[in-house]
């Protein structure tokens with residue numbers, strides 16, 4: 001995740017300690033030290049969902065799936081995550097609110113020392129449920145809204161899903177939970193971007209998470225509606241512009257770019273152009289500390305059956321299963337050649353990523369997209385939209401970052 | 001949705017062994033910036049008896065029998081990087097057929113491995129010492145007491161009936 005609001009507007013947020021080693025300069029409660037080196041763990045605690053979305057990376061179904069972890073198993077798993085030092089557990093799905101023991105699991109995670117957060121489609125989030133989750137220790141609820149009503153409902157396969165998601169956002173806010181809106185961009189909803197930001201500003205939503213499409217689950221089947229490089233660059237520029245405009249007007253929205261670390265390089269270039277070299281240097285140094293794409297390092301996923309994945313989007317390959325051994329033992333077992341190589345991927349990247357001057361803030365972007373499109377986990381990310389000049393190839397004059 | 005059942009019948013009771021051509025291994029293909037061509041992989045299917053082992057194993061008799069896949073079949077993956085090294089478990093891939101599993105495994109590990117084995121997860125019997133599996137670790141933590149409401153049971157007929165196919 002790249003915080004546009006932090007990097008361009010200097011907005012203070014709880015995640016800065018994790019993202020930029022910036023805990024010391026923050027007034028917000030921060031995750032520090034040992035936990036900074038452990039992954040944020042997404043737990044798809046169920047595969048069941050009440051919606052059927054076109055882009056669902058978990059390929060969720062409307063009926064329960066076999067092998068879901070029980071309440072007792074979930075608690076043990078959460079204890080083991082806490083013992084390993086994982087800073088955050090993100091309850092996801094499917095739709096996590098279909099689990100009637102979700103509040104109990106959130107309370108257990110909180111008591112164990114994890115920071116529990118929630119990713120939901122919002123349609124089942126009532127004020128009563130949100131209040132119970134808040135009391136259990138939930139720290140954040142992110143609600144998916146993929147465009148204005150027409151586009152969102154078509155995407156999510158259910159008329160009225162937009163209105164119900166907004167009702168869920170309202171319920172979360174009424175319960176006093178920090179609340180965010182998650183939007184995955186495609187050609188179908190790109191034109192809705194400004195309206196979605198206006199909507200969340202109007203509703204007083206705390207956070208805007210802009211996701212690039214990753215090619216996992218059903219997301220792999222809709223690559224044809226993914227943006228062109230030119231449209232992607234334009235969309236990221238609009239996110240940067242909108243964030244600054246809203247902050248100038250007093251809306252302190254936390255804006256995050258997720259899923260494409262070419263954005264890191266673009267942000268440095270944007271800062272250089274719009275804010276000057278000193279600000280570009282500051283942005284670049286934060287992003288170097290952030291370290292680029294987190295696959296297999298700072299993000300992990302455990303599915304409803306206990307399979308451990310390199311990211312939440314990469315469900316087609318599993319490192320192992322927490323029913324066989326604890327998560328920490330699987331995650332630190334670098335006898336797995338792929339896991340080891342991902343953690344030193346600079347030595348393995350090929351194509352345009354191999355000699356890109358922004359490799360240290362991007363690290364090749366999505367390895368899953370590289371695999372899905374080029375059959376090579378170390379090939380170039382097909383979503384990279386940087387120009388040859390920005391990448392600094394063939395003796396181009398732009399130096400690596402603004403530290404010149 | 002993929003209905004993999006017809007494909008599954010063709011590969012049931014089999015272990016897939018993939019051997020990489022030696023010519024692509026010396027010097028390390030990745031270090032040379034080479035991508036291993038598919039035709040450099042030859043495979044052989046070896047029939048094997050997948051019936052449950054005898055009860056002779058001492059202390060390693062706790063079964064971990066919750067499924068690892070549902071709609072799409074899961075394949076346990078083993079790799080070896082040098083012939084002098086042991087074959088190591090390297091996770092699993094989801095694929096409806098053995099051939100697709102082989103392709104996926106080769107994409108992920110072909111740059112490194114000289115040998116890949118793929119075993120259907122739903123035909124793989126997993127046994128551990130009593131306190132090693134999640135169920136065992138959970139029992140140790142809860143000491144057999146009921147700690148509240150309970151959702152699901154991975155060892156119930158409902159859960160272990162699918163073995164890689166959707167129930």
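For the residues of B:68-78, the average number of beta carbons from a partner chain within 10 Å of their own beta carbon is 4. Per-residue mean of foreign Cβ neighbours for A:171-177 is 0 (Cβ atoms of other chains, 10 Å radius). If the elastic network links every pair of Cα atoms under 10 Å, which of A:109, A:132, A:262 fluctuates the most in the Gaussian network model of chain A? Most flexible of the set in this elastic network: A:132.
How many percent of the alpha carbon pairs in the range A:276-335 exceed a separation of 19 Å? Percentage above 19 Å: 43. If you sort the three axes of the alpha carbon gyration tensor as a ≥ b ≥ c, you get a/c of 1.5 or more for the range A:259-386 and a/b above b/c, which makes it prolate.
Take each residue of peptide B:92-101, count the partner chain Cβ atoms within 10 Å of its Cβ, and average: the result is 2.
The range A:279-353 and the range A:170-233 have Cα centres lying 24 Å from one another. On full extension, the segment bounded by residue A:329 and residue A:252 gains 23.7 nm, given 0.36 nm per residue less the C-alpha separation. Each helix, a run of at least 4 DSSP H residues, gives -39500 (n - 2.57); summed and divided by the residues of chain A, these come to -11000 deg cm²/dmol at 222 nm. Structural descriptor for chain A: relative contact order 17 percent, calculated from alpha carbon pairs under 8 angstrom and at least 6 residues apart. Need one word for chain A: rounded, prolate or oblate. Basis is the Cα gyration tensor (sqrt eigenvalues a ≥ b ≥ c); a/c below 1.5 gives rounded, then a/b vs b/c decides. Because its axes are fairly even, with a/c under 1.5, chain A counts as rounded. Model label points for residue A:393 and residue A:128, set 7 angstrom from Cα along the Cα-to-Cβ axis, are 5.9 nm apart.
Taking A:184, A:387, A:46 in turn, the Gaussian network model of chain A (Cα-Cα springs below 10 Å) assigns the largest fluctuation to A:387. When both the range A:42-105 and the range B:70-90 are represented by their alpha-carbon centers, they are found 27 Å apart.
Could you pull out which residues in the range A:190-231 have an amide N less than 12 Å from a spot 7 Å beyond the Cα of residue A:237, following the Cα-Cβ vector? The answer is A:230-231, whose backbone nitrogens lie closer than 12 Å to the label point. The gain in end-to-end length when the residue A:111 to residue A:52 segment is fully stretched comes to 17.9 nm, 0.36 nm per residue minus the alpha carbon separation.
Does the range A:204-292 come out rounded, prolate or oblate by the C-alpha gyration tensor, with a ≥ b ≥ c the root eigenvalues, rounded set by a/c under 1.5 and, if not, prolate when a/b is larger than b/c and oblate if not?
Since a/c reaches 1.5 and a/b is larger than b/c, the shape of the range A:204-292 is classed as prolate.
In whole angstrom, the range A:57-144 maps to an equivalent ellipsoid with semi-axes of 19, 17, 12, each derived as √(5λ) from the alpha carbon gyration tensor and ordered largest first. Full extension of the segment from residue A:245 to residue A:288, taken as 0.36 nm per residue of separation minus the current Cα-Cα distance, would add 12.9 nm. Residues B:60, B:100 in ascending order of nearby Cβ atoms (within 10 Å, fewest first): B:60, B:100. Could you identify which residue out of A:146, A:79, A:293 has the top mean-square fluctuation in a GNM of chain A using Cα springs shorter than 10 Å? Fluctuation is largest for A:79. Over all pairs of different C-alpha atoms in the range A:296-369, the reciprocal of the mean inverse distance, the Kirkwood hydrodynamic radius, equals 13.2 Å.
Averaging 1/r across all pairs of distinct Cα atoms in the range A:103-193 and inverting the result yields a Kirkwood radius of 13.5 Å.
Readers should treat all values here as calculations from the given coordinates under stated rules, not as data from a laboratory. It should be emphasised that the depicted structure is a prediction, and the values quoted were computed from it without experimental measurement. Ideal geometry is used to build each Cβ from the backbone, glycine not excepted, and the neighbour counts take in all protein chains shown.
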